[in-house]
């Protein structure tokens, strides 16, 4: 029974997933259906957290839009996520950046990782 579930989940996973971590600034290209038309909308922000595993893995992206914080949780292996593009790497020491929710302006920034 367990092998059957693993095989089904393996079929649903994407072949190529970009490497990104918590604290990175990413652009998520999401498909949006409006009536009978379909378009791609870009959502750019900082990755607050990644959770789950295999085909159930999700990640949360936060951006500031007109002074209001907007968060969106995306399934990593969803067909509605066209692609994920890493804009810049962030230097963080935590797995979840929930503290950014209470910060405003420069305090809500994440330092850039320099290699």
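The values are calculated or read from the model by the stated rules, or taken from the named source; none is laboratory data. This is a predicted model, so every value here is computed, not measured. Backbone-built Cβ (ideal geometry, glycine too); neighbour counts: all protein chains shown.
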Item to complete: For the stretch 76-109, name all the residues that are within 28 Å of residue 13 (Cα to Cα), loosely packed, with under 13 Cβ neighbours inside 10 Å and out of contact with any strand residue (DSSP E or B) (no Cβ under 8 Å at 6 or more places or on another chain).
Response: 94
Item to complete: Return yes or no: is residue 42 surrounded by 16 or more Cβ atoms within 10 Å (Cβ to Cβ) and in contact with a strand residue (DSSP E or B) (Cβ under 9 Å, 6 or more places away or on another chain)?
Response: no
Practice prompt. Look through 63, 15 and report the one residue that is modelled with pLDDT under 95 and more than 23 Å from residue 96 (Cα to Cα).
Written response: 15
Worksheet item: Hey, residue 22 hits all of (1) under 11 Å from the mean Cα position of the chain (by Cα); (2) assigned to a strand (DSSP E or B) but one; which does it fall short on?
Response: (2)
Practice prompt. Count, please, the residues in the stretch 44-63 that happen to be more than 18 Å from residue 30 (Cβ to Cβ), in a strand (DSSP E or B) and in contact with a helix residue (DSSP H, G or I) (Cβ under 7 Å, 6 or more places away or on another chain).
Written response: 0
Item to complete: Give me a count of the residues in the stretch 33-60 that are within 30 Å of residue 103 (Cβ to Cβ), at pLDDT below 95 and over 11 Å from the mean Cα position of the chain (by Cα).
Response: 3
Practice prompt. Could you grab me the full set of residues in the stretch 1-18 that are without any contact (Cβ under 8 Å) to a residue 40 or more places away in the chain and part of a loop (DSSP other than H, G, I, E, B)?
Written response: 1, 15, 16
